[in-house]
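Peer 1: There's a structure below that I have some questions on.
None of the figures in this text is laboratory data; all of them are computed from the coordinates on show. Since this is a predicted model, take the numbers as computed values, not measurements. All Cβ positions, even for glycine, are placed from backbone atoms using ideal geometry, and neighbour counts span all protein chains on display.
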Amino acid sequence: MDGTLSGRFLRGLALAPDRPALRADGAALTYRELHERALLLAGSLLAGLPGRKPAVGVLAGKGASAYPSLLAGLYSGVTVVPLQPAFPAARTRQMIEAAGVGALLADDDALPALTALHEDGLDLPTLFAPGGQPGRALAVDPDSALKEPMPARPDDIAYVLFTSGSTGRPKGVPVTHANTAHYFSLLDERYDFGPEDVFSQTFDLNFDCAMFDLFCAWGAGATVVPVPAREYARLPRFVAEQGVSVWFSTPSAISLVRRTGGLAPGALSPLRRSFFAGEALSCQDAEDWAAAAPGTVLENIYGPTELTVTVTAHRWQPGRRHLHAMVPIGDVHPGHSVLLLDAEGSPSTTGEGELCIAGPQLTPGYLDPADDTGRFLERDGLRYYRTGDRVRSTDDDGLLYLGRLDAQVQVHGIRTELAEVDAAVRTCPGVEDAVTVAVPVDGTVELAVFHTGEPVTPARLARHLRELLPAAVVPRAYHHLDAFPLNPNRKTDRRKLTSRAAALRQQPAGAGTRTQGRQESQ
């Protein structure tokens with residue numbers, strides 16, 4: 001069991017059986033209590049599916065009952081498919097069918113989603129402890145409780161997560177026990193987590209970064225504390241009350257905490273380690289967070305779902321100046337090979353190109369083999385994943401993230417990286433953060449900027465950017481927002497911003513919606 005996620009929880013159980021494994025909704029579950037509850041649910045699930053071992057969907061939010069459901073799925077020894085109750089029923093059904101889910105474990109937050117799925121014609125055996133659920137219910141049977149977690153082989157699929165597909169159909173990414181074993185063994189060597197630590201849990205369970213929170217904590221006998229959305233407005237108080245020592249979130253959380261006054265020097269002093277992933281991390285955000293948490297070791301970590309949570313790390317050094325406005329993503333994990341490809345798909349000779357990675361954290365391939373086309377390549381006997389991310393190799397800081405290949409646009413014939421425009425806008429005094437989007441206009445595109453911080457005038461922004469960017473790519477529109485919209489994974493929702501920019505462009509100029517650099521505040 002040592003190489004499985006279940007085995008990591010058992011290690012925490014041995015280290016700290018009577019310490020809290022989870023605090024949520026005003027209640028706590030010790031390692032022993034969570035272990036016993038997961039054994040009960042796993043045994044009841046398997047008893048209700050005699051002779052069958054289908055994949056099991058875990059339809060759960062982040063309440064206290066979500067975590068026993070997830071652990072029970074893993075204890076069952078089958079493939080687990082985390083599902084988000086807030087997603088539309090049609091999308092959830094796509095995932096269920098793609099992954100071959102034959103039964104569901106549902107938590108307290110899942111009843112509306114279960115009802116919607118049932119109305120959509122999906123009727124799966126469901127273990128739903130609170131009762132009152134639609135569809136075919138499986139009973140919680142104390143006599144069926146497992147004595148120990150079911151075993152799993154290294155090549156067995158531990159879980160399947162879904163990423164957005166270019167066709168609009170989610171792509172299923174299977175992650176094996178061997179993938180997670182390599183990943184967490186490296187983290188064990190790099191970090192000193194222990195039973196006294198308290199981990200924030202900011203990610204929904206269908207987002208791979210949640211696995212970092214849970215199984216770094218549970219492998220060390222530490223405590224996991226989900227962070228309710230309302231607590232971001234009073235984060236220093238929450239961190240102090242809960243004793244949070246390890247923080248992990250997307251960088252978008254930094255801007256949110258800053259706006260509510262939570263980044264005062266020393267405000268987050270209980271934090272001893274802070275991690276950010278899922279989006280590019282600006283140097284300014286890193287500096288501000290480090291000032292608020294002066295005792296923290298801050299790391300920018302990076303990795304697509306296909307490479308098992310994260311596959312690079314860069315340790316931030318406060319006060320150190322970087323030539324680029326963004327924090328590097330650092331060095332690739334040991335045991336992996338790196339290949340950079342130029343625009344023609346050949347090995348780059350300039351130290352810059354598309355990042356491709358091969359190694360033990362790499363998924364065996366998408367659930368639908370048709371999705372593999374163009375995403376994997378064989379070279380020198382190795383199988384690489386093409387991340388679609390442009391990076392530059394540096395001598396001191398490992399890899400520097402330059403942006404997505406699909407974020408490159410042609411503006412008046414000039415190839416432009418949207419991340420470069422973002423970085424330029426952030427250098428304007430008063431701007432806190434910026435997102436640039438491309439709006440189709442008459443066969444070409446026009447750039448629009450959304451920015452937070454002070455309501456800097458469009459004229460001032462445009463004047464500043466003309467000093468940094470080619471005139472042809474200086475954005476045409478500027479919109480000030482109090483905060484960027486976030487998607488379910490708490491990343492900046494660029495699709496929503498693009499739609500908003502397109503809609504604003506169609507409004508009459510007399511309505512104050514479009515000029516050379518207009519201003520929109522909210």
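Peer 1: Which of the trypsin sites (Lys or Arg not before Pro) found in segment 266-361 are loop residues per DSSP with 13 or fewer other Cβ atoms within 10 Å of their Cβ?
Peer 2: 320, 321
Peer 1: While we're on this one: Using the Cα gyration tensor of segment 412-511, with a ≥ b ≥ c the square roots of its eigenvalues, what is the shape: rounded (a/c below 1.5), prolate (a/b larger than b/c) or oblate (neither)?
Peer 2: The shape class here is rounded.
Peer 1: Going through segment 29-127, which trypsin sites (Lys or Arg not before Pro) have at most 14 other Cβ atoms within 10 Å and a DSSP loop state?
Peer 2: For trypsin sites (Lys or Arg not before Pro) across segment 29-127 that sit outside H, G, I, E and B with at most 14 neighbouring Cβ atoms in 10 Å, the list reads 52.
Peer 1: Follow-up question, since we're still on this one. For the residues 357, 329, 157, what sequence is obtained by ranking on other C-beta atoms within 10 Å, fewest first?
Peer 2: With the sparsest Cβ surroundings first, the list reads 157, 357, 329.
Peer 1: Within the chain, which whole H helices from DSSP have a Cα span along their axis of at least 18 Å and a mean Kyte-Doolittle hydropathy of -0.5 or more, if any?
Peer 2: 31-47
Peer 1: Within a 10 angstrom radius of the beta carbon, how do 348, 69, 249 rank from fewest other beta carbons to most?
Peer 2: Ordered by Cβ neighbours within 10 Å, fewest first: 348, 249, 69.
Peer 1: May I pose another question? With Kirkwood's inverse mean 1/r over C-alpha pairs for Rh, give me the Rg to Rh ratio of segment 325-404, two decimals please.
Peer 2: Using only Cα positions, Rg/Rh for segment 325-404 is 0.97.
Peer 1: Of all the C-alpha pairs in the chain, what % are more than 37 Å from each other?
Peer 2: Counting every Cα pair in the chain, those more than 37 Å apart make up 32 percent.
Peer 1: Fewest Cβ neighbours within 10 Å first, please rank 95, 150 accordingly.
Peer 2: 150, 95
Peer 1: Placing +1 on the Cβ of each Lys and Arg and -1 on the Cβ of each Asp and Glu in segment 325-404, which of 366, 341, 376 has its Cα farthest towards the positive end of the resulting dipole?
Peer 2: 366
Peer 1: Please say if segment 1-93 is rounded, prolate or oblate, where rounded means a/c under 1.5 for a ≥ b ≥ c the square roots of the C-alpha gyration tensor eigenvalues, and otherwise the choice is prolate for a/b larger than b/c and oblate otherwise?
Peer 2: oblate
Peer 1: Provide the gained length on full extension for the span residue 344 to residue 460, in nm with one decimal, where the gain is 0.36 nm per separating residue minus the Cα-Cα distance.
Peer 2: Roughly 37.9 nm would be gained on extension.
Peer 1: Follow-up question, since we're still on this one. Any chance you could get the radius of gyration and Dmax over the Cα atoms of segment 263-353, in Å?
Peer 2: When restricted to the Cα atoms of segment 263-353, Rg and Dmax are 15.5, 49 Å.
Peer 1: Suppose every K and R has +1 on its Cβ and every D and E has -1 on its Cβ; what is the size of the dipole of the chain about the Cα centre, in Debye to the nearest 20?
Peer 2: It works out to roughly 1000 debye.
Peer 1: Okay, helix-only estimate at 222 nm for the chain: each DSSP H run of n ≥ 4 adds -39500 (n - 2.57), divide by all residues, round to 500 deg cm²/dmol; what do you get?
Peer 2: Rounded to the nearest 500, the figure is -8000 deg cm²/dmol.
Peer 1: State which entries of 53/496; 62/147; 171/491 exceed 28 angstrom in Cα-Cα distance in the structure shown.
Peer 2: Pairs exceeding the cut-off: 53/496.
Peer 1: Pull out a ≥ b ≥ c, the square roots of the eigenvalues of the alpha-carbon gyration tensor of segment 31-75, then state rounded if a/c is under 1.5, prolate if not and a/b is larger than b/c, and oblate in the remaining case.
Peer 2: Taking the square roots of the gyration eigenvalues as a ≥ b ≥ c, segment 31-75 is oblate.
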